[in-house]
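The values are calculated or read from the model by the stated rules, or taken from the named source; none is laboratory data. All values derive from a computational prediction rather than experimental measurement. Positions of Cβ are backbone-derived with ideal geometry, glycine not excepted, and every protein chain shown enters the neighbour counts.
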Amino acid sequence: MKHTSLFPVFAAAALLAGCATETQLVDKDHDTSPLVNALDSRDFASAAEDMIADMIESGALDKPNGGRYIVAISRVANRTDQDIDTDQLVKKIRVALLKSKKAVITTAVSGSGAEDNMANMVRDLADEDMGGPLLPELSLSGKIESQKKKISSSKQRIEYIFQLSISDVKTGLAFWEGEKEIVKIGKR
């Protein structure tokens, strides 16, 4: 029977424990941590809140005969030089739309394919009487852009522009469009 030393395992564990940093839980409603040049969750929350408020106040989601619109998520493009997940913004908007009771979001149809294939799978297994998925009436699309401007040899101004549109899927006409800018000044 061959004996192996456990010293390397214990040494590695002790080293990792000694390198651990102190971690703090951040209250997102009272976050005073330093801002960064890049987009962060506070920026997505701010953009989503402002754009949803404008969308609802505009009356664009007030269905003429009552009820709620069926909205499909088309595409929100990232046109910045950062590797960001636009779903952070889209999810916040989806949640707010559902809470507003002005719209429902279809997960069976989207610009990148079905988010949830279960509705289509159930229909394939069910009788023909079940019919197809309810078709979206409106589509949400948009983009996030950024522009950098040199202020000095050590500082730059970064403008992030969030643009969203809600369009009628039958006509292609925009029901609502909104834009939100977030401007940051920081080190180059």
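A few notes on this one:
- Yes/no for residue 163 being surrounded by 13 or more Cβ atoms within 10 Å (Cβ to Cβ), more than 22 Å from the chain's Cα centre (by Cα) and not basic (Lys, Arg): no
- Checking 149, 170, 180 one by one, the residue that is within 26 Å of residue 55 (Cα to Cα) and loosely packed, with under 14 Cβ neighbours inside 10 Å is 170 and no other.
- Taking the listed residues 99, 92, the one that is surrounded by 17 or more Cβ atoms within 10 Å (Cβ to Cβ), basic (Lys, Arg), out of contact with any Cys (no Cβ under 9 Å at 6 or more places or on another chain) and part of a helix (DSSP H, G or I) is 92, with no other qualifying.
- Test: residue 112 is at pLDDT below 90, out of contact with any Gly (no Cβ under 6 Å at 6 or more places or on another chain), more than 18 Å from residue 167 (Cα to Cα) and assigned to a loop (DSSP other than H, G, I, E, B): no
- In region 36-88, the residue that is surrounded by the most Cβ atoms within 10 Å (Cβ to Cβ) out of those that are in contact with a Phe, Trp or Tyr (Cβ under 7 Å, 6 or more places away or on another chain), more than 17 Å from residue 103 (Cα to Cα) and of a type in the set (A, V, I, L, M, F, W, C) is 47.
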